[in-house]
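Asker: I'd like to ask you about the structure that follows.
The values are calculated or read from the model by the stated rules, or taken from the named source; none is laboratory data. What you are looking at is a predicted structure, and each value in this text was computed from that prediction instead of being measured. Note that we place each Cβ from the backbone using ideal geometry, even for glycine, and neighbour counts take in every protein chain shown. Just so you know, the surface numbers come from the protein's heavy atoms only, side chains and all, with ligands and any DNA or RNA stripped out. Shrake-Rupley method; radii C 1.70, N 1.55, O 1.52, S 1.80 Å.
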Amino acid sequence: MTNTLPFDPFNMWKTFYEQTDANWTGVIQEMLKKESFSEGMGETLNHYLQAQKLMNEKTETFLKSVNLPTRSEVADVASLVINVESKLEALEDGLEEEINQLKIAISILDKKIDKLLSTFEGTEK
Amino acid sequence: MVYSITNQLDSLLDTLPDDIKVNYRRYKRVMDVITKEADPLVGQTPKEVIWTKNIAKLYRYQPQSKKTNRVPILMIYALINKPYILDLTPGNSLIEYLTNLGHDVYLLDWGTPGYEDRHLKFDHYILDYIPKAVKKVLKTSEASEISLLGYCMGGTMTTIFAALHPQLPIRNIVLLTTPIDFSDAGLYTKWLDERYYNVDKLVDTLGLIPAEMIDFGNKLLNPIGSYYGPYVSLVDRVDNEKFVTNWKLMQKWLADGIPFTGEAYRQWIGELYQQNKLINDDLYIRGQRVELRKITANLLNIAGKKDVIVNPKQAEPLNAKVSSEHKAFHIVDTGHVSVVTGSKAINDIHPMIEKWLTQNSN
């Protein structure tokens, strides 16, 4: 029995890919550049969006009719949590700023006390 | 049962010609890679979260390692795809490379937005998130200046941020494949023509733009190469373990997209791709005009010669607009992703960025 095959399926596949790529890439690129392609893609997208919008509306109506929250309502709850987080962050920033100001004020006060003390010490002598 | 059949098949193989054995083993290995093997680990450089806001996180990398460069680096990534491309795997990571050489590296990870985040605009990201992140970086590093590194859309956001904050101590800006001039964005300019592409209807209907839609647009630039090319390469080089590991890493990242918040997408497509406002100083962020001449930081602007997503013509015009004294524009022999990952990036681009940052931080 021979130990080799008359063809290698993987190499055949690779060659097929390379030849397809070489022969078709140019054609495909030319097609992709055409204004009619952009127009067609825009039209397809519009049809898809129209269908999606209809589906969104129907889903929302159905969910409301069975007393279930819609995606927007769930997202609104998440937004409330995010708002609380933002407020906490603002408080944290404010507190940090206050502490920094306080540190500066204490440092100035510290220097003034030192100055007073040295003045007193000078007077006592 | 399946196991015993597989074993029987394996023993049957011994009786078959060599070519069949080789091809069967190759086929089996390819199938294992695609269907059985676990996803590779990514983003392994040690890091800690130093700040969060909503879903965004600010990471500091290798906080325990010695920092010899006094100017910290804040990396700002795009709103789409995940930022671990900057820290893909040990030995193939820009972040690891920079931190190992003593740079204090931070990364702003935007996170994965949910439907509740659909109203987030560039205004929020650029005026509410980035300034806070910069403040946190400066405070954590106890530094007086900062370097910003923006990649792709993250570079555009970095540029807008720097133009709107001339008072901040931004010492250096590194931009990788960053679109600034959208007058000729290749096929995107044709596809996103406002006569045909109704961005408002898209955003109003979907709220959040699915990652698959963005990915489809990118793959459509070269459909045969994008959809079949990776599998042909895998079959061809499946015996090379290093290649297989890199292949898995790249496929994981490419399939790991994140949705685009609707309002930011409306600005990205409408005001940039369709109206090209940024390069013409006509872009307003929360009422503030973005004037690129207000950027004075040192600028290193890198574009990829083979980049089909952001061609070099989109990146280059920035250098003529900014007021920076030290500015450089380099076109490197890479594509959009290989500018940060892969052998060319490891051997040439990472060292180039590191050297430039070091030279401009002392």
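Asker: As a test question: what accessible area, to the nearest 10 Å², does residue A:28 have when a 1.4 Å probe is rolled over all protein chains in place?
Answerer: The accessible area of residue A:28 comes to roughly 40 Å².
Asker: Rounded if a/c is under 1.5, else prolate if a/b is larger than b/c, else oblate: which is the range B:308-362, with a ≥ b ≥ c the root eigenvalues of its Cα gyration tensor?
Answerer: It comes out oblate by the Cα gyration axes.
Asker: Pairing the Cα long axis of helix A:35-65 with the longest principal axis of chain A, what angle in degrees results, from 0 to 90 and rounded to the nearest 10?
Answerer: 60
Asker: With θ set to phi - 60° and the Karplus curve 6.51 cos²θ - 1.76 cosθ + 1.60, what are the ³J(HN,Hα) couplings of the range B:33-49 in order, to the nearest whole Hz, using x for Gly and Pro?
Answerer: Result, ordered by residue: 4, 6, 10, 9, 6, 5, 4, x, 6, 10, x, 8, 5, x, 8, 10, 7 Hz.
Asker: Find, among the trypsin sites (Lys or Arg not before Pro) in the range B:283-362, those assigned to loop by DSSP (not H, G, I, E, B) with at most 12 other beta-carbon atoms within 10 angstrom.
Answerer: In loop regions of the range B:283-362 (DSSP not H, G, I, E or B), the sparsely surrounded trypsin sites (Lys or Arg not before Pro) are B:286, B:305.
Asker: While we're looking at this one, here's another question. Enter the mean number of other protein chain beta carbons within 10 Å of the beta carbon of each residue in A:73-85, as an integer.
Answerer: Across A:73-85, the average partner-chain Cβ count within 10 Å equals 3.
Asker: Could I ask something else about it? Using the Kirkwood formula over every pair of different C-alpha atoms, what hydrodynamic radius in Å results for the protein assembly as shown?
Answerer: 25.9
Asker: Give the peptides B:6-12, B:69-75 in descending order of average Cβ contacts within 10 Å, highest first.
Answerer: B:69-75, B:6-12
Asker: Still on this structure, I have one more. Near residue B:201, which aspartates and glutamates are there with a Cα under 16 Å away, not counting those fewer than 8 places off in the same chain?
Answerer: Partners within reach: A:39, A:43, A:57, B:193, B:263, B:271.
Asker: Could I ask something else about it? List the trypsin sites (Lys or Arg not before Pro) in the range B:185-224 that DSSP assigns to loop (not H, G, I, E or B) and whose Cβ has at most 14 other Cβ atoms within 10 Å. Which are they?
Answerer: B:195
Asker: Just to confirm the number: angle between the C-alpha axis of helix A:9-33 and the first principal axis of chain A, 0 to 90 degrees, nearest 10?
Answerer: Tilt relative to chain A: about 70 degrees.
Asker: Follow-up. For the pair A and B, how large is the buried accessible area, both sides, in square angstrom to the nearest 100, if the probe is 1.4 Å?
Answerer: 3900
Asker: Can you send over the solvent-accessible area of residue B:326, 1.4 Å probe, protein chains only, in Å² to the nearest 10?
Answerer: Rounded to the nearest 10, that gives 100 Å².
Asker: Let me make sure I get this right: for the range B:120-264, a, b and c are the square roots of the gyration tensor eigenvalues over alpha carbons, sorted descending. Under 1.5 in a/c it's rounded, otherwise prolate if a/b > b/c, else oblate. Which is it?
Answerer: oblate
Asker: Taking every pair of alpha-carbon atoms in the range B:48-359, what share in percent sits in each 20 Å bin, from 0 to the bin with the longest distance?
Answerer: 33, 61, 6
Asker: Which loop trypsin sites (Lys or Arg not before Pro) in the range A:1-108, with loop taken from DSSP, have no more than 15 other Cβ atoms within 10 angstrom of their Cβ?
Answerer: In loop regions of the range A:1-108 (DSSP not H, G, I, E or B), the sparsely surrounded trypsin sites (Lys or Arg not before Pro) are A:34.
Asker: What's the average, rounded to a whole number, of partner chain beta-carbon atoms within 10 Å of each residue's beta-carbon in B:202-211?
Answerer: 3
Asker: Residue A:15 accessible area, nearest 10 Å², 1.4 Å probe?
Answerer: About 60 Å², rounded to the nearest 10.
Asker: Add +1 for every Lys or Arg and -1 for every Asp or Glu among the other residues with Cβ under 12 Å from the Cβ of residue B:257, and state the total.
Answerer: Combined, the nearby Lys, Arg, Asp and Glu give 0.
Asker: Please report, in debye to the nearest 20, how large the charge dipole of chain A is about its Cα centre when each Lys and Arg carries +1 at its beta carbon and each Asp and Glu carries -1 there.
Answerer: That gives chain A a dipole magnitude of about 140 debye.
Asker: Write down Rg/Rh for the range B:21-61, rounded to two decimals, with Rg from the C-alpha atoms and Rh from the Kirkwood relation over Cα pairs.
Answerer: Taking Rg over the Kirkwood Rh, I get 1.39.
Asker: For chain A, set up a Gaussian network in which alpha carbons nearer than 10 Å are linked by springs, and say which option among A:62, A:37, A:16 fluctuates the most.
Answerer: Top of the fluctuation ranking is A:16.
Asker: Sticking with this one: Quick one: with all protein chains in place, what share of the accessible area of the protein assembly as shown is carbon or sulfur, to the nearest percent (1.4 Å probe)?
Answerer: C and S atoms contribute 57 percent here.
Asker: Cα atoms only: what Rg and Dmax, in Å, come out for the range B:97-200?
Answerer: Cα only, the range B:97-200: 16.4, 51 Å (Rg, Dmax).
Asker: When chain B is modelled as a GNM with alpha-carbon springs shorter than 10 Å, which of B:314, B:62, B:251 fluctuates the most?
Answerer: Among B:314, B:62, B:251, the largest GNM mean-square fluctuation belongs to B:251.
Asker: Can you return the lysines within cross-link range of residue B:294? Criterion is Cα-Cα under 26 Å, with same-chain partners fewer than 8 residues away left out.
Answerer: B:121, B:132, B:135, B:136, B:139, B:277, B:313, B:321, B:327, B:355
Asker: Moving on to the next point. Indicate the gyration tensor shape class of chain A (rounded, prolate or oblate), computed on the Cα atoms with a ≥ b ≥ c the square roots of the eigenvalues: a/c under 1.5 is rounded; otherwise a/b larger than b/c is prolate and the rest oblate.
Answerer: Prolate is the answer for chain A, as a/c is 1.5 or above and a/b outweighs b/c.
Asker: Hey, can you find the accessible area per residue of the protein assembly as shown for me, probe 1.4 Å, expressed in square angstrom?
Answerer: Dividing the accessible area of the protein assembly as shown by its residue count gives 52 Å².
Asker: Report the convex hull volume per residue for the range B:241-362, counting only C-alpha atoms, in Å³.
Answerer: Measuring per residue, one finds 142 Å³ for the Cα hull of the range B:241-362.
Asker: Given the options A:90, A:51, A:22, which has the most mean-square fluctuation in a GNM of chain A, springs set between C-alpha atoms less than 10 angstrom apart?
Answerer: A:22
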